[in-house]
Amino acid sequence: MHILTANSQGRRAGLIGPDVGPNIARLHPRPDEVPVASSVPLIDIRNLTVSFGGARILRGIDLAVDAGESIGVIGGSGSGKSITWLAAMGLLPKTAQIGGSVLLRGSEILGASRSTLERLRGGTVGIVFQDAAAALNPVRSVGWQIAEVLRLHRGMTGQPAQEEAKRLLDQVGIPEARRRLSSYPFELSGGQNQRVMIAMALAARPAILIADEPTTGLDVTIQAQILDLLRALRRDMGMALVMISHDLGVVADVCERTYVMDAGVVVEEISIRDLHRSAKHSYTKRLVAAAPAWNTGRNPADHAPSPDRVSVKATVENAA
Ligand SMILES: Nc1ncnc2c1ncn2[C@@H]1O[C@H](COP(=O)(O)OP(=O)(O)OP(=O)(O)O)[C@@H](O)[C@H]1O
Ligand SMILES: [Mg+2]
């Protein structure tokens, strides 16, 4: 299982070399131990660059998320949405050259040690990747996989871990949670596996959940349920949320503001309620124009679930 305890590719290559990490770590307190100061963003990405070989993929990303805030990252396929967060979380292969800064609660994590990054991922930062079936371990029951996160990040074992795993499955709306603990991913539907991934990401009580296309490939009813779930979890846990999507409707549904990316740069940062009247970049305007059913003026964090919300489906592709 690699979504939470990812051990791979933890060491960045490139502009900030391996020996810089320990210096950074000494200069700052451990990122997961520093209390949130109101003036310090939870995550502050500054001038983040990524290249593979000679190819510049990210060309200086600036992006910040406050504690408890819900932001979107929207853009076309290949615009760099996933790479931004993979780079920030130390999940890119060694062939990537990475520059810039990623501050978690004011502490630099770009170049942090592998063990620090592993503790953060699945701890302070929960990550849900797009393809649940691929990210889950096919030969372990979902109960085992959730318990593993509880063991690694909360030191829980035995019966208490089983009870907590059951509670988490309940929390993400999986019916007959106790029985499902012994199910394998192939015995669950796509939507259920997506919920299991969210349960695993929540198991360590993260301060922020990064959800990369969490509803892509799911039918609209299930998609609406997952979005309602994320909204409710945010409300109940005070968790920050980063929703990565190519679908403006999805982002508008759960986020307060969004970054719009195109070709490795952030072309616009805008609040959801201002999208209609204040979008400046032509790319953003095209996105908004492709969402005729757009419902402006609401607070996406507060509004009640309604099935027709998911009918607002504007993709970059159909905006272009
Ligand atoms: N390991 C890699 N080596 C070289 N290039 C890569 C690698 N991983 C990603 N890229 C390139 O980086 C660019 C950005 O990719 P990224 O996955 O961030 O796109 P995205 O915005 O998430 O797109 P999508 O909506 O399709 O998920 C793409 O052009 C991709 O081909
Ligand atoms: Mg992506």
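Every number here is computed from the coordinates shown, using simple stated rules; none is lab data. A quick note: this is a predicted structure, and the numbers were derived from the prediction, not measured. Cβ coordinates were reconstructed from backbone atoms using ideal geometry, including for glycine residues, and neighbour counts include every protein chain displayed.
Quick check on packing: order 228-234, 154-160, 91-97, 199-205 by the mean number of other C-beta atoms within 10 Å, highest mean leading.
199-205, 228-234, 91-97, 154-160
Sequence-distant or interchain residues sharing an amide H contact under 5 Å with ILE61, placed H: which?
Under 5 Å from the amide H of ILE61 lie the amide H atoms of ASN47, LEU48, THR49, each far enough along the sequence or on another chain.
Enumerate the whole-percent occupancy of each 10 Å bin, from 0 to the last occupied one, for all C-alpha pair distances of segment 131-200.
So the P(r) values, bin by bin, are 24, 59, 17.
Over segment 97-203, what is the relative contact order in whole percent, taking alpha-carbon pairs under 8 Å and six or more residues apart?
Details: 104 pairs, mean separation 32.7, N = 107.
Relative contact order, segment 97-203: 31 percent.
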